[in-house]
Amino acid sequence: MIVSCTQENLAKGLGLVGRSVGTRTTLPVLNNILIKTEKGRLKLSATDLEIGIHTWVGAKVDEEGALTIPAKLLLDYINTNNDKTIDFSAKDLTLHLKSEHYKANIKGIDAAEFPLIPEVKKAESLEIPVASFLNAITKTLISTALDESRPVLAGVFFKAKGNTLKMVATDSYRLSEQTVILNKKIDNEVVFIVPQKTLAEVGRILSNAGEVVIVSAGENQVEFKLGETILVSRLIEGTFPDYEQIIPKTVKTTVVVKASLFSNAIKMASLFARESANNIKLKIEAPDKVSVLAVSPHLGDNTSEITGQVSGEGIEIAFNAKFLSDVLAVINSENVKLELSSNLAAGLIKAEKDNNFLYVIMPLRVDE
């Protein structure tokens, strides 16, 4: 293998695949990045056996070849090297690197030992605008379960039909649903669950993905085509809960408040809610009064009063402050709408003028 590549292109490509390198593994080759030439192009690959990433890098290929190189050393070396162009070749399981001011020889492992990243047998492919997909990832990841005692809740549920994709996540205390319009209509309904870790990685890569992401799911794997990068991941097996039945249908109180004021009031209350598992109370009174309260037996108490548009019945209801702050951080709306029915029923939070996103949050029981 003989290749010449700009430091900028090589550093960018290594950065894309580097986070999928195995870290806790007894298989040494998983600590490596596969450097391979393919039809006159330079291909970089890494996998931890759950996620695999390929990316193609612009380079001048004079001789084909392949070798795996320890990821951390290679990343650090290329990122530290400030020469414009780097030439490298592989011989006797060693990568020889040369640039204007630096030379290095890095020992590797035979490319034949690198695990094969599977090709996904595609049934339907979803073409999704990058901006819409990144928005959906951001809004659904906040509701995924952190523990994996119920694996289906540790991922995001995809349900596509016609030209519509719904992405849904829940940890059983809250739920996010984002509707995305596909670029092309699909013939058959598609459902699958993508691990939280996978979508977080996809979101990280999206800024380099161009305008469209192509998502293709097979029986056990899913593929994300992101410009010159392909990410393959396992899917979560199991059936996602029938989430639609927990979305509130009855509304007795509607509140519209300025998102920034509401967010700051919650942050103030959360300072006093640390001893009570982040429990805060909302006291809503028509026509325009919204109070956010928190009480701590040892620290004291706090009340914030903001104005809003209140219609329907007055209500007092308690929520987890973190769950409210999480959604307000991603909702991207000047005003937010709360729809409530009782202090024991789930509440619904939406952007005032966007019906494509909804957030269900379960109330907390508190002593009067």
Ordered by residue, what ³J(HN,Hα) values in Hz, to whole numbers, does the stretch 247-257 give under the Karplus form 6.51 cos²θ - 1.76 cosθ + 1.60, where θ = phi - 60° and Gly and Pro are x?
6, x, 10, 9, 10, 10, 9, 10, 10, 10, 10
Calculate one ³J(HN,Hα) per residue across the stretch 80-85 by plugging θ = phi - 60° into the Karplus curve 6.51 cos²θ - 1.76 cosθ + 1.60, and present them in order as whole Hz with x for glycine and proline.
7, 6, 9, 6, 6, 10
Over the chain, the sum of -39500 (n - 2.57) across DSSP H runs of at least four, divided by residue number and rounded to 500 deg cm²/dmol, gives at 222 nm -5500 deg cm²/dmol
The answer for LYS252, listing residues at least 5 apart or on another chain whose modeled amide H is closer than 5 Å to its amide H, is LEU340, SER341
Using only the alpha-carbon atoms, how far is helix 130-141 inclined from the longest principal axis of the chain? Give it as 0 to 90 degrees, nearest 10.
60 degrees
Which entries in the list LYS107/LYS225; LYS166/LYS258; LYS43/LYS197; LYS267/LYS337; LYS258/LYS283 go over 25 Å, if you measure between the two C-alpha atoms of each?
LYS107/LYS225; LYS166/LYS258
Whole-Å distance linking the alpha carbon centroid of the stretch 1-70 with that of the stretch 335-362 is 45 Å
Sequence gap at least 6, Cα distance under 8 Å: using those rules, report the relative contact order of the stretch 247-361 to the nearest whole percent.
32 percent
Run the reach check for LYS159 against aspartates and glutamates, Cα to Cα strictly under 17 Å, same-chain hits fewer than 8 apart removed. What comes back?
GLU124, GLU127, GLU177, ASP187, GLU189, GLU219, GLU223, GLU237, ASP242, GLU244
Checking rank on 123-131, 195-203, 99-107, with mean other Cβ inside 10 Å and highest first, the result is 195-203, 123-131, 99-107
Taking Cα pairs closer than 8 Å and at least 6 residues apart, the relative contact order of the chain in percent is 13 percent
Determine, at each q value in 0.15 (inverse angstroms), the log₁₀ of I(q)/I(0) that the Debye formula gives when each Cα of the stretch 41-104 is one equal point scatterer.
-0.54
Computed over the stretch 90-239, the relative contact order (Cα-Cα under 8 Å, seq sep at least six) in percent reads 25 percent
With mean projected area of the Cα convex hull in nm² defined as stated, name the option among [x] 21.9; [y] 27.5; [z] 49.0 computed from the structure displayed.
[x]
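Readers should treat all values here as calculations from the given coordinates under stated rules, not as data from a laboratory. What you are looking at is a predicted structure, and each value in this text was computed from that prediction instead of being measured. As a convention, Cβ positions derive from the backbone with ideal geometry for all residues, glycine included, and neighbour counts pool all protein chains shown.
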